[in-house]
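The values are calculated or read from the model by the stated rules, or taken from the named source; none is laboratory data. These figures come from a predicted structure and were not determined experimentally. Reconstructed Cβ throughout: ideal geometry from the backbone, glycine too, with neighbour counts over all protein chains shown. In case anyone asks, the SASA skips ligands and DNA or RNA and just uses the protein heavy atoms, side chains included. Shrake-Rupley method; radii C 1.70, N 1.55, O 1.52, S 1.80 Å.
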Amino acid sequence: MNNEMKLWGGRFTEKTAASVEAFTASIHYDCRLFRQDIAGSRAHAKMLVRQGLITAEEGARIDRGLAEIEQEIEQGVFVFKPELEDIHMNIEKALVDKIGPAGARLHTARSRNDQINLDLRLYLREETARLVELLAGVRGSFVKLARRYLGAVMPGYTHLQRAQPVLISHHMLAYYEMFGRDQERLRDCAKRINVLPLGAAALAGTGLPIDREFVAAELGFPAVSANSMDTVGDRDFAVEFVSACVLIQLHLSRLSEELVLWSSSEFGFVELADSFCTGSSIMPQKKNPDIPELIRGKSGRVVGNLVALLTLLKGLPLTYNRDLQEDKEPVFDTLDTVSRGLAISAELLANMKFNTARLEDATQTGYMTATDLADYLVMKNVPFRQAHAIVGQIVAFCVKKKKELIELGLDELRQFSAAIDADVFAVLTVKGSVDSRRSTGGTSIVRVKEALEQAERELGM
Ligand code: ARG
């Protein structure tokens, strides 16, 4: 492309090298910001008219031209040109070609430095809201599972060793809480996204009489950025957004790890729907949990994206530097990966069944009511440390005799402590153990019911 055709070509005497055009272009990914770029430009043009910087007629032509370009892009007939570098110049050039001299006035009192910041903020503002909705979907799947299996027990684990019996619903609601914090983080991050950067211009503001508050109101920003230099170099909001997404991804990955384990024949705790699994090309018997495996696997790229973004910003002098163009791919990839992961996880959960008989069986072994026995002794006034030692000896005795705690007779138990009476058997059952955990946030049916009802209210279910 000749430099006269370039929007910044004036001071150049030589034509840009083709390799440079290819190297600097970002249009192949920032084209996804076209709606935001156009919305920003339309608001900007409206302000320019109000401020007398362009005529009402020019403003109207710009507005119509931009609306047409938006339609052309949506219909897939617009041709993006890499030699025009980015979304801003592709659209501006098309506008000038379409409406003539009026188009050349659009970039008055504006720089691509504040423009790209605006586009990204507008985009992430919408996307945070969409992610919050997707998170609500996943949380809803957990609430439905918690409701469906209310009362059913399963082993709770620490160190991946059977620890204490819990309700399946309690386990499901643990994820409900995790993904709730993710929603909060996104909502919080949205507050800092939702600040108008436009008007910072290249870095120092502008001498032209603009009205930033008007543009902010037009675009629905409750605030205008305070310092023009900070504004054009700021990508903190993108880091916050990706960080919030990384935690979502980690939560999905931890869930996925459990689903991979639980769906194995070793555990046999859940049955994933056939329609959500795939087979092996060689082993006819295989039914593989590829979805959770892929989600787990995709954590690497999402964490990598955060590291890429942090590294990108480290050591950047104020204000805008072209390095900042490298922010978009990690942001977009994170968004795509996490939103697809959320959507498919919600579906996977909705189509998953717990094997309640197997889960209940699993709670019968592994001395999982040992803590209950220790607590029982505490209630009989035995100091906890002593109670712990006594129950430890009882468990060792069980291991030797190949018996579970509930299978011991009262005489056998009393060899270890005279504080043990016939009422001990109530606490040694799984149901007794679960029911006893009524502390706030505990796994007893009363607490879990309350938590479930609260969750259903929150989600309007
Ligand atoms: N494509 C650029 C980016 O993504 C837009 C801003 C370019 N500004 C400039 N002075 N070259 O950051």
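It is to be established whether one or more residues within the range 191-202 are open to solvent by 30 Å² or more (accessible area, probe 1.4 Å) and assigned to a helix (DSSP H, G or I).
Looking through the range 191-202, at least one residue is open to solvent by 30 Å² or more (accessible area, probe 1.4 Å) and assigned to a helix (DSSP H, G or I).
Between a residue in the range 80-97 that is over 18 Å from Gln325 (Cα atoms) and any residue that is open to solvent by 10 Å² or more (accessible area, probe 1.4 Å) and within 13 Å of the ligand (Cβ to nearest atom), which pairs come within a Cβ distance under 9 Å, given they are 6 or more apart or on different chains?
Here the result reads Glu92/Leu7; Glu92/His107; Lys93/Lys6; Lys93/Leu7; Val96/Leu7, each pair linking the range 80-97 to a residue that is open to solvent by 10 Å² or more (accessible area, probe 1.4 Å) and within 13 Å of the ligand (Cβ to nearest atom).
When the residues of the range 12-28 are narrowed to those that are assigned to a helix (DSSP H, G or I) and closer than 19 Å to Asp323 by Cα, which ends up farthest from the ligand (Cβ to nearest atom)?
Per the stated criteria, the residue is Ser19.
Could you give me the residue pairs with C-beta distances under 8 Å whose first residue belongs to the range 394-406 and is under 17 Å from Val427 (Cα atoms), whose second residue is open to solvent by less than 80 Å² (accessible area, probe 1.4 Å) and among the small types (Gly, Ala, Ser) wherever it lies, and which are 6+ apart or on separate chains?
These pairs meet every condition: Ile394/Ala370; Val395/Ala370; Leu405/Ala370.
Looking at the range 106-115, which of the residues that are open to solvent by less than 10 Å² (accessible area, probe 1.4 Å) and assigned to a helix (DSSP H, G or I) is nearest to the ligand (Cβ to nearest atom)?
Ranking the candidates gives Gln115 first.
(1) touching a helix residue (DSSP H, G or I) at 6+ places or on another chain (Cβ under 6 Å); (2) open to solvent by less than 20 Å² (accessible area, probe 1.4 Å): which one isn't true of Phe267, the others all being true?
Going through (1) touching a helix residue (DSSP H, G or I) at 6+ places or on another chain (Cβ under 6 Å); (2) open to solvent by less than 20 Å² (accessible area, probe 1.4 Å) one by one, Phe267 breaks only (2).
Would you say Leu120 is within 16 Å of the ligand (Cβ to nearest atom) and within 30 Å of Met461 (Cα to Cα)?
Criteria not met by Leu120.
Might you let me know whether the range 74-87 holds any residue that is more than 20 Å from Trp8 (Cβ to Cβ), open to solvent by less than 30 Å² (accessible area, probe 1.4 Å) and in a helix (DSSP H, G or I)?
no
Mind listing whichever residues of the range 1-49 are open to solvent by 70 Å² or more (accessible area, probe 1.4 Å) and polar (S, T, N, Q)?
Asn2, Thr13, Ser19 - these are the residues of the range 1-49 that are open to solvent by 70 Å² or more (accessible area, probe 1.4 Å) and polar (S, T, N, Q).
Table: residues versus (1) of a type in the set (Lys, Arg); (2) within 13 Å of the ligand (Cβ to nearest atom); (3) farther than 27 Å from Ser111 by Cα; (4) in contact with a helix residue (DSSP H, G or I) (Cβ under 8 Å, 6 or more places away or on another chain).
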| position | (1), (2), (3), (4) |
| --- | --- |
| Ala308 | no, no, no, yes |
| Pro317 | no, no, no, no |
| Lys328 | yes, yes, no, yes |
| Arg340 | yes, no, yes, no |
| Ala343 | no, no, yes, yes |
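Provide a single number: the residues in the range 318-339 that are assigned to a helix (DSSP H, G or I) and either under 17 Å from Gly304 (Cβ atoms) or among the polar types (S, T, N, Q) (or both). Before you say what the answer is, go through the steps one by one.
As a first pass, look at the range 318-339 and keep what is assigned to a helix (DSSP H, G or I): 322-339.
Narrowing the set further to residues that are either under 17 Å from Gly304 (Cβ atoms) or among the polar types (S, T, N, Q) (or both) leaves 325-339.
Selection size over the range 318-339: 15.
List pairs: first residue in the range 313-333 and open to solvent by less than 40 Å² (accessible area, probe 1.4 Å), second residue among the hydrophobic types (A, V, I, L, M, F, W, C) anywhere in the structure, Cβ distance under 6 angstrom, at least six positions apart or on different chains.
The qualifying pairs are Thr319/Leu203; Thr319/Met229; Thr319/Val232; Asp327/Ala238; Pro330/Ala308; Pro330/Leu309; Val331/Ala238.
Among the residues of the range 50-73, which ones are open to solvent by 50 Å² or more (accessible area, probe 1.4 Å) and part of a helix (DSSP H, G or I)?
Arg50, Ala56, Glu57, Arg61, Asp63, Arg64, Glu68, Gln71, Glu72
Give the residue, chosen from Ala273, Ala238, Ala244, that is under 22 Å from Tyr176 (Cα atoms), crowded, with 20+ Cβ neighbours inside 10 Å and of a type outside the set (Phe, Trp, Tyr).
Ala244
Note down all Cβ pairs under 9 Å where the first residue falls in the range 216-234 and is hydroxyl-bearing (Ser, Thr, Tyr), the second is open to solvent by 20 Å² or more (accessible area, probe 1.4 Å) and assigned to a helix (DSSP H, G or I), and they're at least six residues apart or on different chains.
Close Cβ pairs satisfying both conditions: Ser225/Arg212; Thr231/Asn113.
Please state which one of Ala362, Ala374 is touching a Lys or Arg at 6+ places or on another chain (Cβ under 9 Å) and either among the charged types (D, E, K, R) or buried (at least 17 other Cβ atoms within 10 Å of the Cβ) (or both).
Result of the check over Ala362, Ala374: Ala362.
May I ask you to say which residue of His171, His159 is out of contact with any helix residue (DSSP H, G or I) (no Cβ under 8 Å at 6 or more places or on another chain) and open to solvent by less than 50 Å² (accessible area, probe 1.4 Å)?
Selected residue: His171, the only one of His171, His159 that is out of contact with any helix residue (DSSP H, G or I) (no Cβ under 8 Å at 6 or more places or on another chain) and open to solvent by less than 50 Å² (accessible area, probe 1.4 Å).
Mind counting the residues in the range 390-400 that are open to solvent by 10 Å² or more (accessible area, probe 1.4 Å) and either closer than 15 Å to Ala418 by Cβ or not in a helix (DSSP H, G or I) (or both)?
Qualifying residue count, the range 390-400: 2.
With respect to Thr128, determine if the residue is away from the ligand (no atom under 16 Å from the Cβ) and not in a helix (DSSP H, G or I). Break it down into steps so the answer makes sense when it comes.
Values: away from the ligand (no atom under 16 Å from the Cβ): yes; not in a helix (DSSP H, G or I): no.
Judged against the criteria, Thr128 is not a match.
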